[in-house]
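Shown next, in structure tokens, is the structure this report addresses.
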Amino acid sequence: MQVAYLDSNATTPLAPAVLAAVQSALTDAWGNPSSAHPAGQQAKKVIAAARSQVATMLGVADHPEYVIFTSGGTEANNMAIRSAVASARPAAATNSARSRPHVITSNVEHDSVKLVLEALVAEGAIELSVVNVAQQTGVVNVDAVVAAVRPETVLVTIMLANNEVGTIQPIAAISAAMQELSNARPADHPRILVHTDAAQAIGKIPVNVRELGVDYLTIVGHKFYAPRNGALFVNNPRGYTPLHPLLQGGGQEDKFRPGTENTAMIAGLGAACELVTAHLADYAANMLATRNYFEEKMLQRFSKHRFQVNGPTFLGARLPNTCNFSLIGQGLIGSHVLAACKTFYASVGAACHAEHTMRPSPILLAIGVNPENAVNAIRVSTGRDTTFAELDTVVEELYNVAMALCNSAGVAH
């Protein structure tokens, strides 16, 4: 039996063209990119081509040097946040709370942002303000971000799209507001930098760093049919935007990310970015059509009293592939429903929290989903190749499993 894969927000398989690029690099570009001989120079050439592919996808084809390759999203997020904070520390004359660099974030961030900020607070390195998103929609209010700004504010870090409910945040408006505030500051005050984690957005919606106006943007390969590596866009790291290496070592990545480059995985990331540049509209159209079809079929099968979409539902408010839903009723805990299903793969929320399947998602609680429904939540995230026929089978199995669980719990349905 073929199993439908509906967990694209957790990870994706390698696209055939990406796999081909990886295999080609492993075969033909195995040399050390820092070596002067032909084998090394071939690897260096492959990396340069991939950097250009990433930059082109992001709308900065003329500045490939603004792309720094990393091991993945967690490293990129840490690098951006710690760089922004480190650049402001010399301006702090004392160790008082009001002189520490101040950072603004939201209450729906991924742990690779949230936990590094909490660690910096624990170290006494920063002051932190957490802006709550709006109930129901999960959208950050731009005015609330502006209101949280202090003279010591050095960074705003808010994800571009949420991994659990798909909410798309107004990053361009936030960047514009921070630019205006920075321009009005005295010369001895730090510029307010803006970082966005675009892990879930790339490959699903257009992501142009110039239009977003960000200083840092995190790229995660395995979310868009690339390998498990990533990159960090930095707006002019040798001039306009500070960047400090997390590691010490060789001079790779313009000395910002030392360590011999993983040429094959970088080649795969570049190939995946080239696919997005060429085919994003088609990818997004299939994701949106299949996601909407799934929701329509679920509503028909369960009725609005038994099926609830968590998060925003109006057009353009969320990623085209993401449906976080709850089946309403006792005995319909999301992890229990998924454990009984055999025709598809999905998740109850963020893959990195899969061990906490009996706890309501903090993201769902933050947007106002009641705990009883939150623990019943399931996240379906369609992909480039999801079909209507697959979804017909999935909906029918979900209905049969739900009815069986209700019967075993003695609940009327």
Practice task
Among the residues of segment 223-240, count how many are surrounded by 22 or more Cβ atoms within 10 Å (Cβ to Cβ) and more than 21 Å from the chain's Cα centre (by Cα).
Solution key: 1
Practice task
Just name the residue that is surrounded by the fewest Cβ atoms within 10 Å (Cβ to Cβ) out of those in segment 290-314 that are without any contact (Cβ under 8 Å) to a residue 12 or more places away in the chain and part of a helix (DSSP H, G or I).
Solution key: GLN300
Exercise for the section: Look at ARG379 and say whether it is basic (Lys, Arg), modelled with pLDDT of 95 or more and either out of contact with any helix residue (DSSP H, G or I) (no Cβ under 7 Å at 6 or more places or on another chain) or not in a helix (DSSP H, G or I) (or both). Expected result: yes
Problem - GLU274 within 26 Å of GLN23 (Cβ to Cβ), buried (at least 17 other Cβ atoms within 10 Å of the Cβ), in contact with an Asp or Glu (Cβ under 9 Å, 6 or more places away or on another chain) and of a type in the set (Asp, Glu) - result: no
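Conditions (1) at pLDDT below 95; (2) touching a helix residue (DSSP H, G or I) at 6+ places or on another chain (Cβ under 8 Å); (3) under 29 Å from PHE256 (Cα atoms); (4) assigned to a loop (DSSP other than H, G, I, E, B), marked per residue:
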position: ALA147; (1), (2), (3), (4): no, no, no, no
position: ALA176; (1), (2), (3), (4): no, no, yes, no
position: GLN200; (1), (2), (3), (4): no, yes, yes, yes
position: ILE205; (1), (2), (3), (4): no, yes, yes, yes
Exercise for the section: Out of the residues in segment 335-349 that are closer than 11 Å to ILE378 by Cα and among the small types (Gly, Ala, Ser), state the one that is modelled with the lowest pLDDT. Expected result: GLY349
Practice task
Output the number of the condition that MET265 fails; it satisfies all remaining conditions of (1) part of a loop (DSSP other than H, G, I, E, B); (2) modelled with pLDDT of 95 or more; (3) more than 30 Å from VAL394 (Cβ to Cβ).
Solution key: (1)
Handout entry: Options SER99, SER112: the member that is of a type in the set (Ser, Thr, Tyr) and modelled with pLDDT under 95
Key = SER99
Fill in the blank from the handout: If we keep only residues of segment 8-32 that are of a type in the set (A, V, I, L, M) and in a helix (DSSP H, G or I), then the residue nearest to VAL220 (Cα to Cα) is VAL18
Exercise for the section: Among what's in segment 229-257 and is modelled with pLDDT of 95 or more and of a type in the set (Gly, Ala, Ser), pick the residue that is nearest to PRO64 (Cα to Cα). Expected result: ALA231
Practice task
State which residue pairs qualify: first residue more than 17 Å from GLY316 (Cβ to Cβ) and of a type in the set (Asp, Glu) and inside segment 130-155, second residue modelled with pLDDT of 95 or more and not in a loop (DSSP other than H, G, I, E, B) in any location, beta carbons under 6 Å apart, and separation of 6 or more residues or different chains.
Solution key: GLU152/HIS102
Fill in the blank from the handout: Only unsatisfied item for CYS352, checking (1) surrounded by 14 or more Cβ atoms within 10 Å (Cβ to Cβ); (2) outside any loop (DSSP other than H, G, I, E, B); (3) at pLDDT below 95, is (1)
Exercise for the section: Sort out which residues of segment 215-241 are touching a strand residue (DSSP E or B) at 6+ places or on another chain (Cβ under 8 Å) and in a loop (DSSP other than H, G, I, E, B), and write them in order of number. Expected result: ASP215, ASN229, ASN235, PRO237, THR241
Practice task
Inspect all residues belonging to segment 127-145 and state whether any of them is outside any loop (DSSP other than H, G, I, E, B), more than 21 Å from LEU364 (Cα to Cα) and modelled with pLDDT under 95.
Solution key: no
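Go through segment 358-400 and report how many residues are of a type in the set (Phe, Trp, Tyr) and within 14 Å of LEU338 (Cα to Cα).
1
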Problem - Options ASN262, ASN286: the member that is in contact (Cβ under 8 Å) with a residue 24 or more places away in the chain, polar (S, T, N, Q) and over 16 Å from ILE219 (Cβ atoms) - result: ASN286
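The values are calculated or read from the model by the stated rules, or taken from the named source; none is laboratory data. Bear in mind the structure is a predicted one, so any value in this text is a computation, not a measurement. We place every Cβ from the backbone using ideal geometry, glycine too, and count neighbours over all the protein chains shown.
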